[in-house]
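The values are calculated or read from the model by the stated rules, or taken from the named source; none is laboratory data. Computed from a predicted model, the values in this text were never measured in an experiment. Please note: Cβ atoms are built from the backbone with ideal geometry, for glycine as well, and neighbour counts cover all protein chains shown.
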Amino acid sequence: MAVSEKGFLLVHGALLADPAKRRGEPTDVLIEDGMIHSVGTGLTAPEGTPVFDASGMLMHPGLINSHTHGHTGLAKGMGDKWTLELLLAAAPWIGGSRTVEDKKLTTLICAAEMVAKGCTAAYDLYYEFPLPSRDGLDAAAAAYAEAGMRAVIAPMVADRTMYEAIPGLMDALPDALQAQVARLKLMPFEQTLSAIGDVLKHWRWSGQDIRPAVAPTIPLHCADEFMCGCAQLAREHGVGLHSHVGESKVQAVVGRQKYGKTLVAHLDALGLLGPDFTAAHAVWLDDDDFKRMADHGASMAHNPGSNMRLGNGMFRLRQAIDAGCNVGIGTDGASCADNQNMYEAMRYASMLSKVQTPDPRFWATSEEVYKAATIGSARALGFKDLGLIAPGYKADIVFLDLGSINWVPHNWSTNQIVHTEDGGGVRHVMTGGRLIFKDGRHTTLDLAKLAREAEAARARLEALNAEWHELYLKLEPVVASFCPAIAAQPYHLKRYLCDAPA
Ligand SMILES: [Zn+2]
């Protein structure tokens, strides 16, 4: 469980990565009851304080994944050449027929990978069909607790399928397929809102920093009244609101046709934007959208690996930062990432900023990316005491082995964390001063057992979802030709913020 160790602990002998300095310097960290008490050299600790010898290590705060989906853990590596719309068409096949045990298992697979790759907290948009359930979300929360992580878990909901959300797509399907797709019809939103309300009311994990949130998945997939109902529930319960906004060009084009304005302008008009709102992806946002997001103190979760993998485009990180937006970094789900590696997400974020123009004045720096993956993501999750190794923050610390090949030699700490580290150097990970990963192994879970359970579930679900696989194979050619034709339409992004030469 992600609860803090009691008493004092002195971490001694490690270097501390600091974006303000080129190379980390020797720094002690005194931890009290899971919180960082003091940071410096030659710290005095109460007599008898245990010392954790971290010689030969570089410390950085636990990385924070601002956007993932625990339900995708069992769907790792299942597709290639998938656009977002093809991935959504595949969802019943790659995510269907799950038991409550599967729901925990799939999340635990993601959580175990995150911990092993230096990540200690995640914002998880969790999908269940046909309705979010107390048991299902409880199972996801139990997985994060078992892994020793902190999390924000949002039931991900919609009241219309993609076939209803994209004008003309349903009509493009042959009649027989239309009848089959009708089986995917979603519940009236009143029922979904009441299911979310039930989950929020009975949530039992907040004391362990596993908090709930609400995620109307994609604005086009939700009636305006439903979006507003989600926001109202989130505000009543004091929890976050998270949605995929402008992820694919199809969404941007259809959004402008449907709403007569950009997706962000539409959400603004509905009153959804605020400090508790996170827009995932935000690839197809123009400069006015960035200003709206910044004015409301809202956050964006940048998922560069997923955006490249699904051919969605490039988030404009430089412009978002310059507009004053809070930006976090995320992996997105294992079905479109196809991993949960925050080091890779940081590296991609840096490189995707740099590939957009040959003029380095318009690039994000590695320090900016590093801050986005720590304090930027922490803010998106709504945690004020995560993302830094400083007094008053939770003692969530990653120890990188400077003897690993990623650190031979060690030249520039934060730059090397962003550009060189790939998770192979992670030696220990602690949350709340407690080691959840020690000498390259999980202390809270049995990876071999997890692998056996995952393989058994994979084989069982493959058989159970065979009919959904068949349906996907029939839908694929239609979706694969219809949606790119929409995306081929011109979509003008209004730009005036430090616009870089392409
Ligand atoms: Zn997502």
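Per-structure values
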read-out: Residue in region 106-118 that is surrounded by the fewest Cβ atoms within 10 Å (Cβ to Cβ), counting only those that are within 16 Å of the ligand (Cβ to nearest atom) and within 14 Å of the chain's Cα centre (by Cα); value: Met114
read-out: Filter result (without any contact (Cβ under 8 Å) to a residue 60 or more places away in the chain, among the aliphatic types (A, V, I, L, M) and within 16 Å of the ligand (Cβ to nearest atom)) within region 242-271; value: Val245, Leu263
read-out: Output for region 291-312, where each listed residue is more than 16 Å from the ligand (Cβ to nearest atom) and surrounded by fewer than 24 Cβ atoms within 10 Å (Cβ to Cβ); value: Lys291, Arg292, Ala294, Asp295, His296, Gly297
read-out: Residue check for Glu85: within 16 Å of the ligand (Cβ to nearest atom) and of a type in the set (Asp, Glu); value: yes
read-out: Complete set of residues in region 389-419 that are under 21 Å from the mean Cα position of the chain (by Cα) and surrounded by fewer than 18 Cβ atoms within 10 Å (Cβ to Cβ); value: His419
read-out: Candidates Glu101, Glu32, filtered to the one that is surrounded by fewer than 18 Cβ atoms within 10 Å (Cβ to Cβ) and either charged (D, E, K, R) or in contact (Cβ under 8 Å) with a residue 24 or more places away in the chain (or both); value: Glu101
read-out: Breaking point among (1) in contact (Cβ under 8 Å) with a residue 24 or more places away in the chain; (2) within 28 Å of Ala373 (Cβ to Cβ); (3) of a type in the set (Asp, Glu); (4) surrounded by fewer than 23 Cβ atoms within 10 Å (Cβ to Cβ), for Asp124; value: (4)
read-out: Check on Tyr144, over 25 Å from the mean Cα position of the chain (by Cα), crowded, with 19+ Cβ neighbours inside 10 Å and part of a helix (DSSP H, G or I); value: no
read-out: Residue among Ala75, Ala91 that alone is within 21 Å of Leu475 (Cα to Cα), within 16 Å of the ligand (Cβ to nearest atom) and either among the polar types (S, T, N, Q) or without any contact (Cβ under 8 Å) to a residue 40 or more places away in the chain (or both); value: Ala91
read-out: Of the criteria (1) more than 19 Å from Cys336 (Cβ to Cβ); (2) of a type outside the set (A, V, I, L, M, F, W, C); (3) buried (at least 17 other Cβ atoms within 10 Å of the Cβ), which one Thr161 fails; value: (1)
read-out: Residues that are in contact with a helix residue (DSSP H, G or I) (Cβ under 7 Å, 6 or more places away or on another chain), assigned to a helix (DSSP H, G or I) and of a type in the set (Asp, Glu), drawn from region 96-138; value: Asp102, Asp135
read-out: Scope region 210-241; condition among the basic types (Lys, Arg) and within 15 Å of the ligand (Cβ to nearest atom); matching residues; value: none
read-out: Only listed residue being among the hydrophobic types (A, V, I, L, M, F, W, C) and either under 23 Å from Gly246 (Cα atoms) or touching a Pro at 6+ places or on another chain (Cβ under 9 Å) (or both), chosen from Ala112, Ala142, Ala91; value: Ala91
read-out: Region 339-373: number of residues that are closer than 14 Å to Met114 by Cβ and either modelled with pLDDT under 95 or in contact with a strand residue (DSSP E or B) (Cβ under 8 Å, 6 or more places away or on another chain) (or both); value: 6
read-out: Boolean, Ala487 is more than 30 Å from Gly148 (Cα to Cα), in contact (Cβ under 8 Å) with a residue 40 or more places away in the chain and within 27 Å of the chain's Cα centre (by Cα); value: yes
read-out: Number of the exception - His202 against (1) touching a Lys or Arg at 6+ places or on another chain (Cβ under 6 Å); (2) surrounded by 23 or more Cβ atoms within 10 Å (Cβ to Cβ); (3) of a type outside the set (S, T, N, Q); value: (2)
read-out: Single condition Asp53 does not satisfy, out of (1) at pLDDT below 95; (2) in contact with a Gly (Cβ under 7 Å, 6 or more places away or on another chain); value: (1)
read-out: The one condition in (1) within 16 Å of the ligand (Cβ to nearest atom); (2) part of a helix (DSSP H, G or I); (3) not polar (S, T, N, Q) that Phe315 fails to fulfil; value: (2)
read-out: Elements of type strands (runs of 3 or more DSSP E) contained in region 1-91, each with 3 or more residues being touching a helix residue (DSSP H, G or I) at 6+ places or on another chain (Cβ under 8 Å) and closer than 26 Å to Ala345 by Cβ; value: 57-61, 63-68
read-out: Selection status of Ile436, surrounded by fewer than 18 Cβ atoms within 10 Å (Cβ to Cβ), aliphatic (A, V, I, L, M) and over 21 Å from Gly40 (Cβ atoms); value: no
read-out: Region 441-473, residues that are over 23 Å from the mean Cα position of the chain (by Cα), closer than 30 Å to Ala395 by Cβ and surrounded by 13 or more Cβ atoms within 10 Å (Cβ to Cβ); value: Thr443
read-out: Whichever residue in region 322-339 is away from the ligand (no atom under 16 Å from the Cβ) and surrounded by fewer than 24 Cβ atoms within 10 Å (Cβ to Cβ) and, among such residues, is farthest from Ser299 (Cα to Cα); value: Asp322
read-out: Enumeration of residues in region 326-339 that are within 22 Å of Gly62 (Cα to Cα) and not in a strand (DSSP E or B); value: Gly330, Thr331, Asp332, Gly333, Ala334, Ala337, Asp338, Asn339
read-out: Leu43 vs. criteria surrounded by 15 or more Cβ atoms within 10 Å (Cβ to Cβ), farther than 23 Å from Gly425 by Cβ and under 19 Å from the mean Cα position of the chain (by Cα); value: no
